[in-house]
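Notes follow the structure.
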Amino acid sequence: MQNNQKIIAIFGAGGFIGKHLIRNLTKLGYRIKIATRNPYLKGYLKPLGNPGQIELFKTNIFNEEDVKNVLKNCDLAINLVGILYETRKQKFDHIHSHFPYLLSNLCNELGIKNLVHISALGVKEKHDSLYMKSKLEGEKNIQDTFKPSVILRPSVVFGPEDKFFNTFASLAQFSPVLPLVGGGKTKFAPIYVGDLAKAIVKALELNNSEPKIYELGGPENYSFKELMEILLREIKKKRFLIPIPFGFAKFQSYFLQMLPNPLLTPDQVELLKHHNIVSGDYPTLDDLGITGTPIESILSKYIYRFREGGQFG
Ligand SMILES: NC(=O)c1ccc[n+]([C@@H]2O[C@H](COP(=O)([O-])OP(=O)(O)OC[C@H]3O[C@@H](n4cnc5c(N)ncnc54)[C@H](OP(=O)(O)O)[C@@H]3O)[C@@H](O)[C@H]2O)c1
């Protein structure tokens, strides 16, 4: 079957990763059905394809009929739905665990050929973070229910509109200090969003009859402190990097989590107690034939807006 006859259902496509992924898929000729809570607000996604190539569906991901309506007539499915912190209405286990359960059951029922599910690097048994617990449950639900699935576990993802570098660069705009939770020793393997999008496309094309898991990190590991140093260099700002012990960070996070966009939650402090790097126990970006892009070659292209003189500063 040619790509232009293949239809992909994407859940959570209006977010950071989805926006970068869609263009890769439309260029290859796939037709796309996007499930979103608010098609009106996601109208900007349509010009990423040719007229008629992308369709938006108003979807409550917990309503079986809504999800079926998106999956109907599709060949492939991608799940990008996720949250970083809980709110009164949005709970980790609903979003990261119950929805994958419903989705993978419906993928079976409707004869979907491959489901690519985005989990997170660092998922493991006996993690104290609720985020990680729910991601693990979600993976298990998919593996148990839908065999031809591919689970991708990215480390922190960077690129235009990322949350990681943009959040800390915003903080550096008004704060003379940047906090280093746990001394900033936690290691990350930041992956460029363009590489992750390529990995998702490759994963869609796999023909696996049993679930597969990939751990996706960029070409180098960095401590949190090193990442803050790189960021400050790029935005040409001098800020004090202040180590904060985990216990005190946890105390502060009880207050910081009350902000409309929480800067730090108690659950994120738990996450920061574990390195977020490729373990070596699973296939990686290399196994998908993708060479990771270094941070230095991308970061300056979008973070310049935080420099004093902007692009030419
Ligand atoms: N960004 C990273 O650094 C990173 C790292 C590791 C793993 N991941 C995982 O990758 C996936 C995508 O991340 P992202 O950075 O693109 O996230 P994002 O920008 O926050 O987008 C998440 C998407 O989830 C959907 N969503 C959230 N709550 C929902 C709900 N209650 N009902 C329906 N849809 C809901 C939203 O869809 P609508 O608003 O269109 O309805 C949104 O488009 C997530 O699973 C995330 O955990 C991300």
Fill in the blank from the handout: The number of residues in segment 74-121 that are small (Gly, Ala, Ser) and in contact with an Asp or Glu (Cβ under 6 Å, 6 or more places away or on another chain) is 2
Completion exercise
Ala120: passes all of (1) at positive phi; (2) within 13 Å of the ligand (Cβ to nearest atom) but (1)
Practice task
Identify the single condition in (1) under 19 Å from the mean Cα position of the chain (by Cα); (2) surrounded by fewer than 16 Cβ atoms within 10 Å (Cβ to Cβ); (3) farther than 20 Å from Phe168 by Cβ that Gly280 does not satisfy, given that it satisfies every other one.
Solution key: (1)
Handout entry: Total residues in segment 208-231, condition over 13 Å from Leu152 (Cα atoms), buried (at least 19 other Cβ atoms within 10 Å of the Cβ) and of a type in the set (A, V, I, L, M)
Key = 3
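Conditions tested, residue by residue: (1) touching a strand residue (DSSP E or B) at 6+ places or on another chain (Cβ under 8 Å); (2) modelled with pLDDT of 95 or more; (3) under 25 Å from Gly29 (Cα atoms).
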{"position": "Thr145", "(1), (2), (3)": "no, yes, no"}
{"position": "Asn166", "(1), (2), (3)": "no, yes, no"}
{"position": "Gly183", "(1), (2), (3)": "yes, yes, no"}
{"position": "Thr186", "(1), (2), (3)": "yes, yes, no"}
{"position": "Leu196", "(1), (2), (3)": "yes, yes, yes"}
{"position": "Gly217", "(1), (2), (3)": "yes, yes, no"}
{"position": "Phe224", "(1), (2), (3)": "yes, yes, no"}
{"position": "Leu227", "(1), (2), (3)": "yes, yes, no"}
Handout entry: Qualifying positions in segment 235-294 - in a strand (DSSP E or B) and either among the hydroxyl-bearing types (Ser, Thr, Tyr) or under 16 Å from Val156 (Cβ atoms) (or both)
Key = Asn276
Exercise for the section: Of the conditions (1) within 20 Å of Pro154 (Cα to Cα); (2) modelled with pLDDT of 95 or more; (3) surrounded by fewer than 20 Cβ atoms within 10 Å (Cβ to Cβ), Glu205 clears all except one; give me its number. Expected result: (2)
Problem - From Leu21, Leu45, Leu25, residue being without any contact (Cβ under 8 Å) to a residue 60 or more places away in the chain, closer than 19 Å to Pro160 by Cα and outside any loop (DSSP other than H, G, I, E, B) - result: Leu45
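What is the residue count in segment 60-77 for residues that are part of a loop (DSSP other than H, G, I, E, B) and farther than 29 Å from Tyr192 by Cα?
First, the residues of segment 60-77 that are part of a loop (DSSP other than H, G, I, E, B): 60-63, 72-75.
Among the residues that remain, those that are also farther than 29 Å from Tyr192 by Cα are: 60, 62-63, 72-73.
Qualifying residue count for the region: 5.
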Problem - Pair list, Cβ under 6 Å, 6 or more apart: segment 57-85 residue of a type in the set (Asp, Glu), other residue assigned to a strand (DSSP E or B) - result: Asp75/Ile7
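Look at Ile10 and say whether it is within 22 Å of the chain's Cα centre (by Cα), under 19 Å from Gln143 (Cβ atoms) and within 14 Å of the ligand (Cβ to nearest atom).
no
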Exercise for the section: Could you please find all residues in segment 171-213 being part of a helix (DSSP H, G or I) and within 16 Å of the ligand (Cβ to nearest atom)? Expected result: Val193, Gly194, Asp195, Leu196, Ala197, Lys198, Ala199, Ile200, Val201, Ala203, Leu204
Problem - Positions within segment 174-195 being of a type outside the set (Asp, Glu) and either over 24 Å from Phe248 (Cβ atoms) or without any contact (Cβ under 8 Å) to a residue 24 or more places away in the chain (or both), in sequence order - result: Phe174, Ala189, Pro190, Ile191, Tyr192, Val193, Gly194
Problem - Lone qualifier among Tyr254, Tyr302 - being surrounded by 16 or more Cβ atoms within 10 Å (Cβ to Cβ) and in contact with a Pro (Cβ under 9 Å, 6 or more places away or on another chain) - result: Tyr302
Fill in the blank from the handout: In segment 21-44, anything crowded, with 22+ Cβ neighbours inside 10 Å, within 13 Å of the ligand (Cβ to nearest atom) and more than 21 Å from Glu65 (Cα to Cα) is listed as Leu21, Ile22
Exercise for the section: Would you check which residues across segment 48-59 are over 20 Å from the mean Cα position of the chain (by Cα), away from the ligand (no atom under 11 Å from the Cβ) and not in a loop (DSSP other than H, G, I, E, B) and list them? Expected result: Ile54, Glu55
Handout entry: segment 70-103: number of residues that are small (Gly, Ala, Ser) and either under 21 Å from Lys19 (Cβ atoms) or within 11 Å of the ligand (Cβ to nearest atom) (or both)
Key = 2
Exercise for the section: Please indicate, with yes or no, whether at least one residue in segment 148-163 is surrounded by fewer than 21 Cβ atoms within 10 Å (Cβ to Cβ), within 16 Å of the ligand (Cβ to nearest atom), within 19 Å of Pro283 (Cα to Cα) and of a type in the set (D, E, K, R). Expected result: no
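The values are calculated or read from the model by the stated rules, or taken from the named source; none is laboratory data. What you are looking at is a predicted structure, and each value in this text was computed from that prediction instead of being measured. No Cβ is skipped: glycine too gets one built from the backbone with ideal geometry, and neighbour counts run over all protein chains shown.
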